[in-house]
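Trainee: Below you will find the structure I want to go over with you.
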Amino acid sequence: MRLPDVNVKLLPIKAHFFLMNGGTTPLTPYLTTIAKQRGYSARLVGAVFSVLPLTAVLARPIFGAVADHYRCQKTMFLSFIVVITLITTSYKFIPDQPVDVSNERDETALTTHQFWLFCFFLVARYVSNSVVTTLSETICLQNLGKDTHKFGQQRLWGCIGWGSVSMMMGWLIDWYSSGSMVKDYTPGIIVSVVFLLADLLVAFKIEDCQSDVVSKHIFKDLKKVFKDNKVVCFLVWVVFFGIFYGSISLYLLWHMEELVTKYHPEKYSSIKTIQGTLIAVKCFGGEAPFFFLSGKIIKKVGHLNSIVIGLATLSLKFFLYYIIKDPVWVVPVEILSGLGFALPYTAMTAYGSMLAPEGLKSTVQGLFSTFFQGVGVSLGSLITGYLFNELGSSYTYLVLSILALVVCCIQTLTIRIMAKTTKLQDNSNVNTEA
């Protein structure tokens, strides 16, 4: 008996988001702290992680265009899930760094094959994950049809998967590494592979709704899209949002370890449990409810205003990171992630789909993702890594708080100017027709 008001067609998509995010959670949030444990400085890590999103600048639009042109979207989608699984397994075969690399010895790291193997692992994993993310969101939006505002209700299952696994993984890594100052991520690799293999089975069940329309003039059609001033302004805010998102996703756990080292060394043995709890609170207490409610909020306030709300929230979060000295108290701050990430992310994704013409859905979605991850997150990593090294983690977040507030005010003013301009153009058209 079918449950009322349940779209059975969307169940495999929900399951995919749950399993894919659950499968990437055991390692993704800890990549910068893994690099830190290997002895690399904040400046070097910032440089490496600023290059990673740049790989998406080429990967996402290229693979998106190939998927559109050859109509092989689902085949490519399934293939890259397999690739992510293999890459995740390969981490166990990367040897540890033989030297203790400090700020003065970054050059030493650059001469070791261990460092470059680790970088290759990061690049391959990042490219594969970015392609899967773009294609899964595109497929989801195609299955939703005109109901793109319901994207958040599908995406929240990814948040649930991320949060469910993260709390368990934090404790499991601490338990498996008990008695050692070096954290062992073997449990994370095992859990990750199990989830990704399950996701591959589920992904086969997702309905392929790729359009039969194939753009014969991709670059010409894209040029028309980018001639719209609203699109240009939208992309600017997407980049800034990516910068701020990168400073949290890549460096917040590093900041918590800095707080432990400086103020609460007695809590180091349980730091991964604290970090895992933070990710769970972020997902269940912050993101999941707003992924569910985002459609109604966006309908009421609009896509660009939803990003304004996100920027204001980020400014507040950064300021709280600055004043908090105990990593435990960083955990409840993540409740703000609903307004700071889930709402604006859903708005950006849905708006990008609305702007994309038929035959270019994967291509345009890949381009918008590129501006967010490839440009924004890349700059965020580079800037935050440099500031961490020069100012320390706490003062870095104070600087970012001020910057987010300034950007928020500028965007609010820009939206009002654009609204007045649109009204004047509409009135002009009415008078001409009369």
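The values are calculated or read from the model by the stated rules, or taken from the named source; none is laboratory data. Here the structure is a predicted model, which is why all the values come from computation and not from measurement. Using ideal geometry, Cβ is built from the backbone for each residue, glycine included, and neighbour counts are taken over all protein chains shown. Surface areas here come from the heavy atoms of the whole protein model, side chains and all, with no ligands, DNA or RNA. Shrake-Rupley method; radii C 1.70, N 1.55, O 1.52, S 1.80 Å.
Trainee: Read phi for every residue in segment 378-385 and hand back ³J(HN,Hα) as whole Hz from Karplus 6.51 cos²θ - 1.76 cosθ + 1.60, θ = phi - 60°, with x for Gly and Pro.
Mentor: 4, 5, x, 5, 5, 5, 5, x
Trainee: Sticking with this one: In nm, what is the difference between 0.36 nm times the number of residues separating Leu316 and Leu117 and their Cα-Cα distance?
Mentor: That pair, Leu316 and Leu117, stretches by 67.8 nm at full extension.
Trainee: Distance in nm between label sites at Val399 and Thr261, each 7 Å beyond Cα in the beta-carbon direction?
Mentor: That separation, rounded to one decimal, is 1.8 nm.
Trainee: What nm distance separates the two modelled labels at Val406 and Val232, each placed 7 Å from Cα along Cα→Cβ?
Mentor: 2.2
Trainee: Still on this structure, I have one more. Residues of segment 241-262 with amide nitrogen under 11 Å from the 7 Å Cα-to-Cβ point of Gln37?
Mentor: From segment 241-262, the list is empty.
Trainee: Take each of the peptides 231-239, 411-419, 393-401, average the number of other beta-carbon atoms within 10 Å over its residues, and list them starting from the highest.
Mentor: Output ranking for 231-239, 411-419, 393-401: 393-401, 231-239, 411-419.
Trainee: Give the ranking of Asp68, Asp147 by solvent-accessible surface, highest area first, calculated with a 1.4 Å probe.
Mentor: Asp147, Asp68
Trainee: Counting only protein chains, not ligands or nucleic acids, how are His303, His16 ordered by accessible area (probe 1.4 Å), most first?
Mentor: His303, His16
Trainee: Also, quick follow-up: When all protein chains stay in place, what accessible area (Å², nearest 10, 1.4 Å probe) is found for Ser192?
Mentor: 0
Trainee: Would you mind checking Lys14/Lys317; Lys92/Lys267; Lys74/Lys146; Lys183/Lys296; Lys92/Lys150 for any pair whose Cα atoms are more than 31 angstrom apart?
Mentor: Over 31 Å apart, Cα to Cα: Lys183/Lys296; Lys92/Lys150.
Trainee: What distance in nm separates the two pseudo spin-label positions at Ala419 and Leu58, each 7 Å out from Cα along the beta-carbon direction?
Mentor: 4.3
Trainee: Ok, one more. Given R₀ = 35 Å, what would the calculated FRET efficiency be for Val182 paired with Val51, taking r from the Cβ atoms and rounding to 0.05?
Mentor: E(calc), rounded to 0.05, equals 0.85.
Trainee: Note the full-extension length gain between Leu11 and Val328 as 0.36 nm times their separation in residues minus their Cα-Cα distance, in nm to one decimal.
Mentor: My answer for the length gained is 110.5 nm.
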